[in-house]
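For reference, the structure is listed below as structure tokens.
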Amino acid sequence: MPTSGTTSFPASSPAALIRVEGVTKSFGGVRALRGVDFELLPGEVHALLGENGAGKSTLIKILSGVQRHDGGSIEIAGRKVAFESSAKSREAGVAVVYQDLSLVESLSVGANLMLGREPRTRLGFIRKRQLMAEVGAFLTERGIPLDPRVSVASLPFAYRQMTEISKALIGNVRILILDEPTSALTGDEERILFDAIGRATRQGVGVIYVTHRLNEVFRISTRVTVFRDGLNAGTFATARTDMKQLVAAIVGPGHALAATGKAALEEQQAVAEPAAAETDQQAAQPALTLSGVTNDRLRGASLVLRKGEIHGLAGLVGSGRTEILQTIFGLRPVEAGTVSLDGVPAGELAPITAIGLGIALVPEDRHLQGLVLDHSIERNLTLPRLAFFSRWGWLRHGASVREARAAMGKLRVKAPGPTTIVKNLSGGNQQKVVFAKWNHPRPRVLLLDEPTVGVDVGAREEIYALIRAAAREGTGVLVVSSDLAELMLLCDGLSVVVDGRVVSTVARGDLATTEDLHHLIQTSQSPDELAA
Amino acid sequence: MTKFITAPATATTDEQANRWRKLVGAFFQGDRPYMIYVAFAVLLVIFSFASPWFLSVDNFLNIGRQTALVSIIAIGMTFVIIGRQIDLSVGSTLALSGMCAALAMEHVGNTWIIGAVVGLGTGALVGLINGLLTTRLAIPSFLVTLGTLSAARGLALMLTNTKPVIITDEAYFAVFGEARFLGVPVPIAWTLLAAAGGILLLHYSIYGRQVYAAGGNPTAANYSGVNVGRVTTIAFVLTGMLAGLAALVLSARSHAARPDVVQGMELDVIASVILGGCSLFGGRGFILGTLLGSLIIGTLNNGLVLIGVSSSLQLVIKGVIIVAAVAFTRR
């Protein structure tokens, strides 16, 4: 008798839930997948790693029927498939839990779980009591701590994700795809989610777990597959690998971080040192001064940003960090106080006047605020400086294309050309395009809001280099970031924002470690909370 | 010769390709931009075989004259729709502009210049009201222009208590209706002029770039220093003015302004723009596509009459073809 399908961990199991072989996919000249292999077994959590643009999301989109592969083969439970729609993929037992969840907020957990499959009376009315009982039994049986009667709108984020996972499970899903599920979760919520995933795998469900966070990989996965540049960079049993090996696979050979992460970090600091020395010479000249700026979200924010300085704004989400940048850029009115550039009060600001004064903003959400995704790189790049590339209101098309080409070269945007549609670029390259909008002429003040969110390791280093280069040329840079290590790495000075005000400012040298900064943020909060 | 054939440096091919792209850029801007040309060609071939009278210069001039009104307004509508808005009031704006122009000539001074200024001015004013209500009060333009669609028509009817106003200035008839300019009947000449202006403004000016950005992603446009409200308002003013121009062309042809003309015209205008490759979700479209869209609808009207299809059936066929064509070009 040949091998039976029940063997738990064969090298190439005939019982694989998913087998992907040599799959390719291109988007308008950008080759996202260049022949990848992937396998998912029942009951395993298979982590999928890689930089942005490595091809993870593309594979997920193909498996979920959002897109179709160009070449290679995909087998699900031994049958060749090419999903035409997400409905087809769902029929085959594949469910994706996206970050933006697919629940109807106004309905209860029970109604969401049975949406479209409600038990009905002969006249077509929904048997509500039976529905709740069925869902209740299902949740108890699986040990999922959810109340079917509660409305989804009232649930915290982690429980919504759990609802989403339960919805997949109740619909007989065998393959569950989680795309960066923890990015919006607190530590406790994360535990709840991992618990739910564990319950699902014990029932024989296979889970594909896409993430940027390596520590999660070790906590939850059985195997790890790494993609790089649309190709396989290796598959490892999680128990037999370590952080170093995975990082090396992710960034690839020849990358600074691949050698030794620590050496690379030291090198960067060495580069940062002379920049700091130069800023001392210009120390007397503030590029941007806020004094007592007040509006709907700010309560007397004061700040001095010097020429050539990289200054970080730390604080909790909702503290007013982003709003400080928005106010400087003229997106929010100044009700009291003044914003001055080079010591001259700026008067009433709107984005167009702010740009005229040499202020540039790289916003938090590049898809919503930074880019017109359906338009070409060139159109996006020259949008904020149109007047610069025109004469008497007529666009100088040649000048615009030349600048786009130059900026793409300087920022190393990976794309076939200036006419490439921005939507087809990877996250890191899209973020470079947002930066490139302010390439020429050089801004006097550069405002950065979470400049490396969703950007992979390699592109992140390139963006740091750009920020440092801008500061060396005399631009004052104000950085908002939730990544404290990033602030410690980049900044010459740091300010903590609490409740629409800058409560403390320190030089980088005064803080030894990221923990110190963390401590500073925490201690800055407490007096206000006591007062409130 | 061989010099150009032997592999040139990559940069040169790139630049050549770019020059070529720039040259034909104005022709190809939609989703599948070539489809609209194919559709038009197919239509011409079908009607040429179906009717012996179809393929003649006179008939084409006829189509040009018949589609002039829709084409002129559709050029403005292209800006509005690329900017992620819609203007339902164009038919009523046309009627009101025509009435105001004719009344001004009757009461203020009987010269075509007064008619032209008042006609275009009235259209621009309605457009300004549409634009300001949409952008300042943040009312969806669908609702704003649904309101002005009704209000402007009502005003046009009230002005003379529903009676038409006779126009007597010969120069007015010549300039807007009956003369020929370089051998081309003036309604067609005005269409071409409006199209040329539209192409320059949309494809070669800063304003054009801003319209695309404002429609493609208004938030990102705002974050890039584009005054989205102003850009949108200007698009409405432009459309209103072109509705005013269309009013002058229409009243010069009939020697009178009537308050009840072109009811339901906005649908033909919007159909032309969408058929021409504009996205109703903004950020996409081009002037030549719109012009061709309008010509396709005009050719359908003309051809179906020539082959003797009843007017009721014509409406059905037109509707089916519009939806089919849009579905086809969208895939």
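Derivation of every value follows stated rules applied to the coordinates shown; laboratory data play no part. Being a predicted model, the structure only gives us computed values, none of them experimental. Ideal geometry is used to build each Cβ from the backbone, glycine not excepted, and the neighbour counts take in all protein chains shown.
With the convex hull built on the Cα atoms of the protein assembly as shown, state its orientation-averaged projected area in nm².
Over every viewing direction, the Cα hull of the protein assembly as shown projects on average to 48.8 nm².
Near the amide H of residue A:498, under 5 Å away, which other amide H atoms are found, from residues 5 or more places off or on another chain, if H is placed in the peptide plane?
A:503
Based solely on C-alpha atoms, express the radius of gyration and the Dmax of the stretch A:394-532 in angstrom.
For the stretch A:394-532, the Cα-based Rg and Dmax read 18.2, 60 Å.
When a/c reaches 1.5 or more, the comparison of a/b and b/c decides; with that in mind, is the stretch A:365-442 rounded, prolate or oblate per its Cα gyration tensor?
Prolate.
Could you give the size of the charge dipole of the stretch A:18-255 about its Cα centre, using +1 on the Cβ of each K and R and -1 on the Cβ of each D and E, expressed in debye and rounded to the nearest 20?
So the dipole magnitude of the stretch A:18-255 works out to roughly 660 debye.
Output wanted: per-residue J couplings in Hz (rounded whole) for the stretch B:156-161, from phi through Karplus 6.51 cos²θ - 1.76 cosθ + 1.60, θ = phi - 60°, x for Gly and Pro.
4, 5, 5, 3, 10, 6
Mind running the shape call on chain B? Use the C-alpha gyration tensor, a ≥ b ≥ c as the square roots of the eigenvalues: rounded below 1.5 for a/c, prolate if a/b tops b/c, oblate otherwise.
Oblate is the answer for chain B, as a/c is 1.5 or above yet b/c matches or exceeds a/b.
Pairwise over distinct Cα atoms, reciprocal of the mean inverse distance: report the Kirkwood radius of the stretch A:280-405 in Å, one decimal place.
Roughly 16.4 Å, rounded to one decimal.
Across the stretch B:219-225, in residue order, what do the Karplus-derived ³J(HN,Hα) couplings come to in whole Hz, using 6.51 cos²θ - 1.76 cosθ + 1.60 with θ = phi - 60° and x for Gly and Pro?
Karplus values, whole Hz, x for Gly and Pro: 5, 4, 4, 4, 5, 9, x.
Given the options A:320, A:43, A:29, identify the residue whose Cα lies farthest towards the positive end of the charge dipole of chain A (+1 on Cβ of Lys, Arg; -1 on Cβ of Asp, Glu).
A:29
Could you derive backbone 3J(HN,Hα) for the stretch A:519-524 from the dihedral phi with the Karplus parameters 6.51, -1.76 and 1.60 (θ = phi - 60°), listing whole Hz in sequence and x where the residue is Gly or Pro?
Each residue's phi maps through the Karplus curve to give 4, 4, 4, 5, 5, 5 Hz.
Taking amide H positions as placed 1.01 Å from N in the peptide plane, with prolines and chain starts having none, which residues 5 or more places from residue A:480, or on another chain, fall under 5 Å of its amide H?
Amide H neighbours of residue A:480: A:313, A:448, A:449, A:450.
Run the reach check for residue A:56 against lysines, Cα to Cα strictly under 28 Å, same-chain hits fewer than 8 apart removed. What comes back?
Residue A:56 reaches A:25, A:80, A:88, A:167, A:244, A:262, A:410, A:414, A:423, A:432, A:437.
Considering only C-alpha atoms, what is the centroid distance from the stretch B:69-121 to the stretch A:76-123, in Å?
Comparing the Cα centres of the stretch B:69-121 and the stretch A:76-123, I get a distance of 52 Å.
Amide H neighbours of residue B:205 under 5 Å, counting only residues 5+ apart in sequence or on other chains, H built in-plane at 1.01 Å?
HN-HN under 5 Å from residue B:205: A:395.
Given the C-alpha centroids of the stretch B:233-283 and the stretch B:191-209, what is the distance between them in whole angstrom?
Each part's Cα centre sits 17 Å from the other's.
With everything on Cα atoms, drop me the angle between helix B:112-136 and the longest principal axis of chain B, reported from 0 to 90° to the nearest 10.
Between the helix axis and the principal axis of chain B, the angle is about 70 degrees.
Please label the shape of the stretch A:18-255 as rounded, prolate or oblate, based on the square roots a ≥ b ≥ c of the eigenvalues of the alpha-carbon gyration tensor (a/c under 1.5 means rounded; beyond that, a/b larger than b/c means prolate, else oblate).
Here the stretch A:18-255 falls in the prolate category.
What angle do you read, to the nearest 10 degrees and between 0 and 90, between the alpha-carbon axis of helix A:261-281 and the longest principal axis of chain A?
Result, in degrees: 20.
To the nearest 500 deg cm²/dmol, what mean residue ellipticity at 222 nm is calculated for chain A from DSSP H runs of n ≥ 4 alone, each contributing -39,500 (n - 2.57), summed and divided by the residues?
Dividing the helical sum by the residues of chain A leaves -10500 deg cm²/dmol.
Mind checking the dipole of the stretch A:68-154: about its Cα centre, +1 per Lys or Arg Cβ, -1 per Asp or Glu Cβ, Debye to the nearest 20?
Computed about the Cα centre, the dipole is about 460 debye.
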